[in-house]
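Take a look at the structure set out below.
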């Protein structure tokens, strides 16, 4: 069976303002290292399949920047959504295109903005998931062993190991991001994993799941599939896409399906969901400060400071995030960086497009 990898790269990355903007979102920035998150994701997946079997789904605003970042991908491997409709329609679109190319393919779905250091371990677990998807004819996700009661992740509850020689379990339930007390209960129970948002399945299996659980979306996908390679492609895609409701693959399919399995993984993983996560994962100085650019710390601890184009001095303050860019400056206490999304939502309502 051929393996196709789909990178989900349509997000805006609001929590990473002011560096992350509509045209250059989080996944196109070197937030977690010297290369962009997208480039690191693409290079990881090259260990699993041929370059022409890797697809990226994004939007028109980011299209050219993504093509520039990934010039080795064939032109028609960059899929453009007419508008964002959450993960289920995007995955469905990629699935019908892969099925058109190879009806027997196995398909993997990977967010563009995850940080995974142990690439060999990642590859081994994904290969294991590919085998399980083929053998069990099911939907396979990957659950990360939790290291703390995190409230920023969804959780997967599991039971019934499918094979004593494999870390593969039947999924019992999905849980949304919990409060801290609930997260403590989840981690203490020993049967919950962090939901990584990565998936593997036979392409026919996921499309059957759309027919079973999202029939109205399937009808549109079926119409779009009939236009692949034809002059009417753009018009059919635009018309059908406008009718689709926005829904995640977790709500739309995974929480309803019965043939769902989770591979329990224990590599270091971070979905880099906020500036706080960047401080957590990056190398720190003796005072637990993290910096990029020309930054001077004096009597300061536990800060994250990114400077562009000028020297930034941090004196006598602790636990701050300071992000300086050419046209904007963010200063916010560590532990509150989730609120940056609310700030950007306000810019949208106020139509302050120069800040988006």
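When 108, 92 are screened for being surrounded by 18 or more Cβ atoms within 10 Å (Cβ to Cβ) and not in a strand (DSSP E or B), only 92 passes.
State all residues of the range 189-215 that are assigned to a helix (DSSP H, G or I) and either outside the structural domain of residue 151 (by TED's automatic domain parsing) or in contact with a helix residue (DSSP H, G or I) (Cβ under 8 Å, 6 or more places away or on another chain) (or both); if no residue qualifies, say none. 203, 204, 205, 206, 207, 209, 210, 211, 213 - these are the residues of the range 189-215 that are assigned to a helix (DSSP H, G or I) and either outside the structural domain of residue 151 (by TED's automatic domain parsing) or in contact with a helix residue (DSSP H, G or I) (Cβ under 8 Å, 6 or more places away or on another chain) (or both).
Okay, residues lined up against (1) without any contact (Cβ under 8 Å) to a residue 40 or more places away in the chain; (2) crowded, with 17+ Cβ neighbours inside 10 Å; (3) in contact with a helix residue (DSSP H, G or I) (Cβ under 9 Å, 6 or more places away or on another chain):
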residue	(1), (2), (3)
263	no, yes, yes
276	no, yes, yes
282	no, no, no
285	yes, no, no
325	no, no, no
344	no, yes, yes
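Just one residue in the set 313, 300 is crowded, with 18+ Cβ neighbours inside 10 Å, over 15 Å from residue 278 (Cβ atoms) and in contact with a strand residue (DSSP E or B) (Cβ under 9 Å, 6 or more places away or on another chain); that residue is 300.
Residue 148 passes every criterion in (1) out of contact with any strand residue (DSSP E or B) (no Cβ under 9 Å at 6 or more places or on another chain); (2) at pLDDT 95 or above apart from (2). Scanning the range 236-258 for residues that are surrounded by fewer than 18 Cβ atoms within 10 Å (Cβ to Cβ), out of contact with any helix residue (DSSP H, G or I) (no Cβ under 7 Å at 6 or more places or on another chain) and more than 12 Å from residue 217 (Cα to Cα) turns up 238, 239, 251, 255, 258.
With respect to residue 113, determine if the residue is in the same structural domain as residue 58 (by TED's automatic domain parsing), under 18 Å from residue 46 (Cα atoms) and out of contact with any helix residue (DSSP H, G or I) (no Cβ under 8 Å at 6 or more places or on another chain). When the stated conditions are applied, residue 113 does not pass them. Of the residues screened, residue 122 is not one that is in the same structural domain as residue 197 (by TED's automatic domain parsing), touching a helix residue (DSSP H, G or I) at 6+ places or on another chain (Cβ under 7 Å), in a strand (DSSP E or B) and under 26 Å from residue 39 (Cβ atoms). Among the residues making up the range 257-275, those that are more than 17 Å from the chain's Cα centre (by Cα) and either outside any strand (DSSP E or B) or over 25 Å from residue 206 (Cβ atoms) (or both) are 257, 258, 259, 266.
Once the range 22-62 is narrowed to residues that are closer than 30 Å to residue 346 by Cβ and over 17 Å from the mean Cα position of the chain (by Cα), the residue that is surrounded by the most Cβ atoms within 10 Å (Cβ to Cβ) is 61.
So that you can scan it fast, the table gives a plain yes or no per residue for (1) in contact (Cβ under 8 Å) with a residue 60 or more places away in the chain; (2) part of a helix (DSSP H, G or I):
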position: 83; (1), (2): yes, no
position: 126; (1), (2): yes, yes
position: 131; (1), (2): no, yes
position: 149; (1), (2): no, no
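The values are calculated or read from the model by the stated rules, or taken from the named source; none is laboratory data. Note that this is a predicted model, so its numbers are computed, not measured. Glycine gets a Cβ as well: all are built from the backbone with ideal geometry, and neighbour counts include every protein chain shown.
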